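The values are calculated or read from the model by the stated rules, or taken from the named source; none is laboratory data. The structure displayed is predicted, hence computed values, not measured ones. All Cβ positions, even for glycine, are placed from backbone atoms using ideal geometry, and neighbour counts span all protein chains on display. Each accessible area value is taken on the protein alone, full model and side chains, heavy atoms only, with ligands, DNA and RNA left out. Shrake-Rupley method; radii C 1.70, N 1.55, O 1.52, S 1.80 Å.
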Amino acid sequence: ALLIFPLAVFLAVMFGSRTLIRRLSERAILDHPNDRSSHTAPTPRGAGIAVVGALLPAWALIGAVTGQLTEPLFLVAGMALVLAVVSWIDDLRGLSPLVRIGVQAAAIAAVMTLAPPTAPVFGGLLPPALDHLAAGLIWLWFVNLYNFMDGIDGLAGVETLAIGVGAFVVARKLGLGGAQMALALTLAAAALGFLRWNWHPAKIFLGDVGSIPLGFLTGWLLLNLAAAGAWAPALILPLYFLADATWTLARRGLQGRRIWEAHREHFYQRAVDSGLRHDQVTWIIAVANMFLVMLSLVAMRGQPIAALLGAAAAITLLLVLLAKGGPTD
């Protein structure tokens with residue numbers, strides 16, 4: 001019965017995004033190319049309205065129907081809605097980085113204070129207060145890196161699809177219950193519906209209204225996996241996004257440059273600049289993500305360290321390949 005939620009979300013996002021392409025174009029809410037963009041034509045921005053508009057009611061209903069994680073889900077959905085509204089304002093007229101990060105931190109603090117994971121995220125290695133603080137800081141970084149990594153056609157959709165499928169497989173293996181599996185599948189379904197219109201050449205972009213809440217929801221799902229004992233899969237599944245964003249932004253920070261400013265130094269951007277098409281780069285990353293999903297299963301079979309080492313080796317190779325680039329035509 002819970003399969004109705006992923007199907008409904010997929011259809012809502014797919015048809016909602018199609019409607020938004022027309023409406024946003026009519027209102028000239030477009031992402032215009034500049035010297036730091038990876039696209040060449042003005043493209044409607046705001047598909048996140050459809051993604052968030054489908055996911056949040058579905059997540060709240062899953063909590064209500066299953067009776068599992070009900071209060072946390074209502075709170076997480078509410079905070080994601082706040083982030084979507086603020087991010088939409090940012091899309092339309094721009095907000096300062098301080099305002100954006102402040103709202104994100106407040107949303108995360110609300111969840112970690114009022115409805116934290118039911119078990120330590122770091123497996124009891126840290127005192128409870130430090131565990132919540134560390135988890136919240138990682139979650140805040142994850143929300144922002146999702147935004148940084150949403151830079152070429154299909155990339156955010158493919159990453160979200162892989163994490164959703166991987167989280168479903170892990171939740172099923174752990175026997176976490178119908179709610180966790182349904183949440184993961186609805187996340188994957190939303191990504192699939194969006195990819196229908198975001199595959200290269202993209203007809204619409206997520207916008208911050210999509211990437212920020214999506215990073216928030218995905219991060220919460222991964223933290224819950226870690227708290228349930230699946231700490232290795234929670235690291236392995238998003239490892240490409242984590243590695244590309246963290247390495248690139250750390251390097252910029254060490255060079256004394258502002259990490260929040262737009263640039264073209266992420267590995268996926270360097271691959272596109274070398275001559276590879278968006279879809280070629282996204283397919284390469286998709287294949288790597290399939291491997292990460294398989295390694296998360298290896299971790300669940302009692303080999304977490306071996307799986308993590310394999311994932312680290314795979315992502316290192318991926319980054320080298322992306323840095324080397326193409327073209328292939």
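Brief remarks on what is shown
- The residue list Leu140, Leu126, Leu133 contains one member that is outside any loop (DSSP other than H, G, I, E, B), open to solvent by 20 Å² or more (accessible area, probe 1.4 Å), touching a helix residue (DSSP H, G or I) at 6+ places or on another chain (Cβ under 7 Å) and more than 25 Å from Ala8 (Cβ to Cβ), which is Leu140.
- Test set (1) touching a residue at least 40 places away in the same chain (Cβ under 8 Å); (2) farther than 23 Å from Ile259 by Cβ - Asp150 fails condition number: (2)
Here's the yes/no breakdown for (1) more than 17 Å from the chain's Cα centre (by Cα); (2) in a helix (DSSP H, G or I); (3) among the aromatic types (Phe, Trp, Tyr); (4) farther than 20 Å from Asn198 by Cβ:
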position	(1), (2), (3), (4)
Ala1	yes, no, no, yes
Ala12	yes, yes, no, no
Phe15	yes, yes, yes, no
Thr19	yes, yes, no, no
Ala107	no, yes, no, yes
Met112	yes, yes, no, yes
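- Under the condition of being surrounded by fewer than 24 Cβ atoms within 10 Å (Cβ to Cβ) and under 14 Å from the mean Cα position of the chain (by Cα), the residues counted in segment 186-218 number 3.
- Filter result for Leu309 (assigned to a helix (DSSP H, G or I), under 29 Å from Ala226 (Cα atoms) and open to solvent by less than 20 Å² (accessible area, probe 1.4 Å)): no
- When every residue of segment 166-178 is checked against the conditions, at least one turns out to be open to solvent by 30 Å² or more (accessible area, probe 1.4 Å), in contact with a helix residue (DSSP H, G or I) (Cβ under 9 Å, 6 or more places away or on another chain) and over 22 Å from Leu7 (Cβ atoms).
- In segment 40-88, of all residues being touching a residue at least 60 places away in the same chain (Cβ under 8 Å) and in contact with a strand residue (DSSP E or B) (Cβ under 7 Å, 6 or more places away or on another chain), the one that is farthest from Val13 (Cα to Cα) corresponds to Thr43.
- Hits in segment 40-86 - residues which are on the phi > 0 side of the Ramachandran plot and under 20 Å from the mean Cα position of the chain (by Cα): Gly46
- Checked against (1) outside any helix (DSSP H, G or I); (2) surrounded by fewer than 19 Cβ atoms within 10 Å (Cβ to Cβ), Leu81 passes all but a single condition, namely (1).
- For Phe74, the test of being farther than 17 Å from Asp208 by Cα, open to solvent by 70 Å² or more (accessible area, probe 1.4 Å) and touching a helix residue (DSSP H, G or I) at 6+ places or on another chain (Cβ under 8 Å) is passed.
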